[in-house]
Amino acid sequence: MPVNARDAALSALMTYRRTGRRAEDALGAAVKAGLDARDAALATHIFYGVLQNRTYCDYIIDSFSTVRTGRLEPQVLDILRLSVYQLVFLDKIPPSAAVSEGVRLAKKHANPRAAGLVNAVLRKIAATLGSLPPVRAATEAERLSIEKSHPLWLVEAYLEQFGLEETKALLEANNKVPPVYATVNTLRASREQVLGALQSEGVAAEPYPYLEDAIKIYGQGKLEALRAFQDGLLFVQDPAARLCVTAAGLKPGMRVLDACAAPGGKTFAAAVDTGGEGKITACDLSEKKVALIRSGVRRL
């Protein structure tokens, strides 16, 4: 069972590699194992960060390891990847912590010899963080493919269509961690009250400027662990989905049919917009999906 953020991130990476499950499913199983909200957020950041930057992390590993990535045991490679990601991309994590945690994970999930290799590789990388070797490649497309961890065919297509500078901007944008958007349940609290509640839990959030009840939440990996979520003060919803309900101009007393409702965001927004005095009918194709909607209704 994962005991901290790095254990959870590693568990998710190994599950993703071994089973081919969707990334969010592999992560969800790991972060549900008793992590608090902060550890879940860090585990999420590391997990998706490794997936987004895997090619570059492998390039760095190959630059410092005596054993090429293709010959490493899969679990050792997973450990090195998540450790290198922390060293290179997460400024708030001390290099010493990334190294020591990598060694601990190797001892726990691999063998003493692997722990020695992990220790040696990570220490060498940590000692040269300010001067990591530049990516050497035959073409600009190959270099960008490695640096930004994108498929070569996609980089080549971008370059042909957009040119170098716009391609760089596109690759950077693709690798950014997107925020989570949520709609405030204004039947229970105002947006300002919910933002204050999130801040008290150490969660970075801000108003979404184009919808009066929407918010952006940054770096949060386990919304269900938050008190504001458990108390039914918000529900996850993309602004585009919220806008659909807003555009309907719903009023108290109206009857609303949501014919493809799971996971329930538009249903919940319709209930909010009718002031809790409408009749909302939510339908979907499977009992599993309907159960998901019921769960949200009970929480809200």
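The values are calculated or read from the model by the stated rules, or taken from the named source; none is laboratory data. Not measured: the values here are computed from a predicted model. Because the Cβ atoms are built from the backbone with ideal geometry, glycine has one as well, and the counts that use them run over all protein chains shown.
Do you know which residues across segment 250-271 are under 16 Å from Ala291 (Cβ atoms), in a helix (DSSP H, G or I) and without any contact (Cβ under 8 Å) to a residue 40 or more places away in the chain?
Selection gives Thr267 alone.
Of all residues in segment 128-153, which are surrounded by fewer than 17 Cβ atoms within 10 Å (Cβ to Cβ) and in a helix (DSSP H, G or I)?
Of everything in segment 128-153, those that are surrounded by fewer than 17 Cβ atoms within 10 Å (Cβ to Cβ) and in a helix (DSSP H, G or I) turn out to be Leu129, Gly130, Ser131, Glu140, Glu142, Arg143, Leu152, Trp153.
Can you pull out every residue in segment 74-96 that is hydrophobic (A, V, I, L, M, F, W, C) and in contact (Cβ under 8 Å) with a residue 12 or more places away in the chain?
Passing the criteria: Val76, Leu77, Ile79, Leu80, Leu82, Val84, Leu87, Val88, Phe89, Leu90.
Among what's in segment 286-299 and is under 24 Å from the mean Cα position of the chain (by Cα) and either part of a loop (DSSP other than H, G, I, E, B) or touching a residue at least 24 places away in the same chain (Cβ under 8 Å) (or both), pick the residue that is farthest from Leu234 (Cα to Cα).
Step by step, filter segment 286-299, then rank; the result is Lys289.
Go through the residues of segment 273-285 one by one and say whether even a single one is more than 20 Å from Tyr181 (Cβ to Cβ), part of a loop (DSSP other than H, G, I, E, B) and touching a helix residue (DSSP H, G or I) at 6+ places or on another chain (Cβ under 6 Å).
Looking for residues that are more than 20 Å from Tyr181 (Cβ to Cβ), part of a loop (DSSP other than H, G, I, E, B) and touching a helix residue (DSSP H, G or I) at 6+ places or on another chain (Cβ under 6 Å), one finds at least one in segment 273-285, hence yes.
Mind listing whichever residues of segment 55-74 are surrounded by 18 or more Cβ atoms within 10 Å (Cβ to Cβ) and either part of a helix (DSSP H, G or I) or basic (Lys, Arg) (or both)?
Within segment 55-74, Tyr56, Cys57, Asp58, Tyr59, Ile60, Ile61, Phe64 meet the criteria.
What's the total number of residues in segment 196-246 that are modelled with pLDDT under 90, buried (at least 18 other Cβ atoms within 10 Å of the Cβ) and of a type in the set (Asp, Glu)?
So the count comes out to 0.
Residues of segment 4-17 being without any contact (Cβ under 8 Å) to a residue 24 or more places away in the chain and surrounded by fewer than 21 Cβ atoms within 10 Å (Cβ to Cβ), which ones?
Passing the criteria: only Thr15.
On the given criteria, is Glu172 out of contact with any helix residue (DSSP H, G or I) (no Cβ under 9 Å at 6 or more places or on another chain) and acidic (Asp, Glu)?
The answer is yes for Glu172.
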